[in-house]
């Protein structure tokens, strides 16, 4: 007499042919792989959403600060050129460039203020 595994499932499996047992193992492994694949896709979608939030909330704001810094440096250079220049036509051009830089600076500051964590501190 052969010994059978205890329980309904054990008896059911022990009465099946070897090919069925092998196919059952393959089916269980396939179901496990499929469920892990679906779980990993869901987790990657969550990770992508969080990365997008991080980019739009932090990295993008830093890039806009770089734009503000570049505008400030350009204004500084234009101011030095305005002070050094003796030609009135060049001074008028520098004065217009300063006005343009001021407008650009105001627009960039407003854009950054809407993205900042503490927007009330931006005008300072």
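The values are calculated or read from the model by the stated rules, or taken from the named source; none is laboratory data. Just so we're clear, the structure is a prediction, and the values are computed from it rather than from any experiment. Glycine also receives a Cβ, built like all others from the backbone with ideal geometry; neighbour counts cover every protein chain displayed.
Some observations on this one:
- Index of the failed condition, residue 68 passing every other in (1) in a helix (DSSP H, G or I); (2) touching a helix residue (DSSP H, G or I) at 6+ places or on another chain (Cβ under 8 Å); (3) at pLDDT below 85: (3)
- Some residue of region 71-94 being at pLDDT below 85 and on the phi < 0 side of the Ramachandran plot: no
- Screening residue 123 against (1) outside any helix (DSSP H, G or I); (2) out of contact with any helix residue (DSSP H, G or I) (no Cβ under 8 Å at 6 or more places or on another chain) leaves a single unmet condition, (2).
- Applying a threshold of 9 Å to beta carbon distances and a minimum spacing of six or more residues, or different chains, the list of pairs starting in region 5-26 at a residue that is on the phi < 0 side of the Ramachandran plot and surrounded by 11 or more Cβ atoms within 10 Å (Cβ to Cβ) and ending at one that is part of a loop (DSSP other than H, G, I, E, B) and at pLDDT 80 or above reads 24/16.
- Against the test of being more than 30 Å from residue 99 (Cα to Cα) and either surrounded by 10 or more Cβ atoms within 10 Å (Cβ to Cβ) or free of Cβ contacts under 8 Å to residues at least 24 places away in the same chain (or both), the options 36, 60 yield a single qualifying residue, 36.
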